[in-house]
1. Starting at the first residue of segment 12-25, write each ³J(HN,Hα) from the Karplus equation 6.51 cos²θ - 1.76 cosθ + 1.60 with θ = phi - 60°, in whole Hz, x for Gly and Pro.
2. Rolling a 1.4 angstrom probe over the protein heavy atoms, how many square angstrom per residue are accessible across segment 172-321?
3. Along the positive direction of the dipole of the chain (beta-carbon charges: Lys, Arg +1; Asp, Glu -1; about the Cα centre), which of 412, 199, 228 reaches farthest?
4. Kindly provide the trypsin sites (Lys or Arg not before Pro) of segment 327-417 that DSSP labels as loop, not H, G, I, E or B, and whose Cβ sees at most 13 other Cβ atoms within 10 Å.
5. Give me the mean projected area, in nm² to one decimal, of the convex hull enclosing the Cα positions of segment 49-117.
6. In Å, what is the Rg of the alpha-carbon atoms in segment 264-397, and how long is Dmax?
7. Bin width 10 Å, alpha-carbon pairs only: give the P(r) of segment 333-416 as whole percents, running from 0 to the bin holding the largest distance.
8. Run through all the Cα pairs of the chain and give the fraction in each 10 Å bin from 0, expressed as whole percent.
Amino acid sequence: MMISGAGIAGLTTAVGLSKYQDIEVEIFEAAEKLAEVGAGIGVFGRPWEVLRKLGLEEDLLKLSEVKPAQGSVSSFKYRKSDSPQGIEFYTLVTQGNLLTFHRADFQKVLLRKLPSTYKIHCRKPAGGPISLLFEDGTRSSCDVLLGADGLKSAVRRSFLGEKVQWAQSQNNWSEAADITALIEPSWSGTNAYRALIPADRLRQREPHHRVLTQPTQYLGKNGYIIAYPIAHGKFINFVAFKSQHNLEYTKFHGPWVCPTDKLEFSSMFASWEPEVRALVDCVEKPLRWAVHTVKPLGSFVSRHVAILGDAAHAMTPHQGSGAGQAIEDAFILSTLLGHPLTTRDTISRALNIYDHIRRPFALQVQERSRLNGQYFTLSAPEIDFDFLKTLAQIFTKNWEWCWSTSLAGSAQEATRLLETS
């Protein structure tokens, strides 16, 4: 079995497969070395349930200042901040809490859990499924190819390309055009500016700043900021969003991820409340991330190939669920592929069950994240306190699946379908 991509989706799948001794796994990564972008990720209860089952809880909790909690937990504070006088209008209350991690540290924990027999090949971007041709000219083959190779997935491009060729061979030009439109990612109309702020720097600027201890979202017209402590409080994970929703699904001109000057976004927040300006003042060397998504796909599988994580359903980050959905994909896939009833002859059946279980849910989360991005940027023309309270109820209802549902039922259903087929 080959996994293309050594990010969270690929490595979590590999950890899940590692308990099945009869499965050989190789991981191929396009980058020269394994290094995640230095940013924070959040994990709600559903993916945390998976990480516990994979035996990662103890090592991961060493990385976080936040410990798992049960029952009702106050999470993010929400403020309307696009004026000199900010208004706190809502506290998000969840069942259980959001656990936050530094992404690179998270990846290291996954890597340490891999068996020594698993081979990881860097500088090996896949050029096509099953019979693999790499960009360096080498070839390989496998029984199953899992495309966890991110937003610009070569595996997605290859298997959708095959579907296009098939439709064309049947003279179904309309279907071919529809599938072609799904291959490349689309810009969401939003740019995110990410940085890790040393907590001591913010403390010197504003000794009692709320985000030193309290995750907070600062909302305003056409943009918002989210900030929360990570790495035992040593850093503040900072993300500022600038949105032009009318440009959704258009082409973004320029590099999608690159270092940029703070001036590219700081002027937008110059008239916001003082604690927002204090945060922005402390940002150094931000990364601009042109937020791209993958349009909803008709399938995540093709014969012995499956895609997962961002390769399958790259979404906006407005519910903090991209990593969590990748982890859920990985768990369902590894559960099905490791099942005794999955053999070389029944691989397609297992992958189709994965698609049946995961695709509708992941695409629903993708759309919910898109909607939250609109809610958080206060698109309505008139905004008063009553409107803000109503808005809070709307985006909470849209989001509560994160802490009110469990993956256990989906895993049981996947196993049941495999065993009764």
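The values are calculated or read from the model by the stated rules, or taken from the named source; none is laboratory data. Note that the structure is predicted; figures quoted are calculated from it, not measured. Glycine also receives a Cβ, built like all others from the backbone with ideal geometry; neighbour counts cover every protein chain displayed. Side chains are part of the model used for accessible areas, which takes the heavy atoms of the whole protein and leaves out ligands, DNA and RNA. Shrake-Rupley method; radii C 1.70, N 1.55, O 1.52, S 1.80 Å.
1. 3J(HN,Hα) across segment 12-25, in whole Hz: 5, 4, 4, 4, x, 6, 5, 7, 9, 6, 8, 10, 8, 10.
2. On a per-residue basis, 42 Å².
3. Among 412, 199, 228, the one farthest towards the positive end of the dipole of the chain is 199.
4. Here the trypsin sites (Lys or Arg not before Pro) that fit, given the DSSP loop and packing criteria, are 344.
5. 6.7 nm²
6. 20.2, 63
7. Final binned percentages: 15, 34, 22, 16, 10, 4, 0.
8. That works out to 4, 21, 32, 25, 13, 4, 0, in percent per bin.
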